[in-house]
1. Could you order peptides 224-235, 129-140 by the average number of other Cβ atoms within 10 Å of their residues, highest first?
2. So if I take the alpha carbon set of the range 93-237, get Rg, then get Rh from the Kirkwood formula, what is the Rg over Rh ratio?
3. Give me the angle, in degrees from 0 to 90, between the Cα long axis of helix 44-57 and the longest principal axis of the Cα atoms of the chain, rounded to the nearest 10.
4. Rounded to the nearest 10 degrees, what's the angle between the helix 160-193 long axis and the longest principal axis of the chain, both from Cα atoms, 0 to 90?
5. Considering all alpha-carbon pairs of the chain, what whole percent are spaced by more than 28 angstrom?
6. Treating cross-link reach as a plain straight distance, find the aspartates and glutamates whose alpha-carbon is under 16 Å from the alpha-carbon of Lys34, omitting any fewer than eight places away in the same chain.
7. Divide, for the range 99-156, the radius of gyration over alpha carbons by 2.2 N^0.38 Å, where N is the residue count.
8. Which order do peptides 41-52, 238-249, 26-37 fall in by mean Cβ count within 10 Å, highest first?
Amino acid sequence: MAEYRIDDLARAAGTTSRNVRAYQERGLLPVPSKRSGRAFIYDESHLERLKIIDALLQRGFTTAHIADFITSWETGKDLTEILGLQHAVTATWGKGETLEVPRELVATVLGEQDAGLPDPELLARLSELGLVRLHEETVEFTEPELLTTFAELHGYGIGLRKLLDLYSAVISRVDDIAELMVIAAKDHLVTEHGPGWLPESNEEIAETTQMLNHLRELGVTAVHTSLAQSLDRVLRSELGDYLATAALRHRTVSQPGK
């Protein structure tokens, strides 16, 4: 399980260290039991709780309402089951290690031939797509493997901006698929239990957690499998057209005047 100091936790949750301390003081966020010297050490359960708090705050709930809601729901329930449901709802899938580099090395990571500071507009675009987090002296790549692929394709002469446009177009379609699947899960819960239902027993929590995890697995597998099949199908079609054009061009060159 990942561990965070307070600044790292705040950064991962998209909030501030001041807010983290305030949530602790108001009982929204459990105080960590682990320390390193005088510093608290937080874990993934704290990050997931912060995501839930943020989601409710964005919908107009006060911290007092959220504290009452969390306390009343958790009373009498197995904490491990609750954390399991929190993880199923808020955990980020497909995220591995990030890569943080000094700004002067960013161009090298991106495969740019010219050394020096990267184009601010390019950094802004990467940040907008969630591929980097910008810090004062460094840039944190959230998907290093994907950026490595970008750099390799850039080496063939394909512009980074064109690659980012392609990536943006792909994720917009994936977002549509994700919305369909999540709404289907929400509609299922409403049909079965009514609007605003929350699992009450540990068995209900475990069952709901399992359902959400299976939904994620289905989504990832369906997109991966369908995309692979579509790529094969479209590649064969496009390759056929391309080879036909190449054959015509070759015949024209080798037999001028015919």
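Bear in mind that the values in this text are calculations on the coordinates, not laboratory data. Keep in mind it's a predicted model, so treat the numbers as computed, not measured. A quick note on method: Cβ atoms are made from the backbone with ideal geometry, for glycine too, and the neighbour counts reach across all protein chains shown.
1. On the way: 224-235: 10.4, 129-140: 14.7.
Ranking the peptides 224-235, 129-140 by packing returns 129-140, 224-235.
2. Values: Rg = 20.0 Å, Rh = 18.3 Å.
Checking Rg against Rh, the ratio lands at 1.09.
3. The answer is roughly 90 degrees.
4. Its long axis makes an angle of about 40 degrees.
5. Within the chain, distances greater than 28 Å cover 53 percent of Cα pairs.
6. Glu3, Asp7, Asp8, Asp43, Glu44
7. Working: Rg = 10.3 Å, N = 58, 2.2 N^0.38 = 10.3 Å.
Relative to the 2.2 N^0.38 Å estimate, the range 99-156 comes out at 1.00.
8. Working: 41-52: 19.8, 238-249: 10.1, 26-37: 12.9.
Answer by packing, highest mean first, reads 41-52, 26-37, 238-249.
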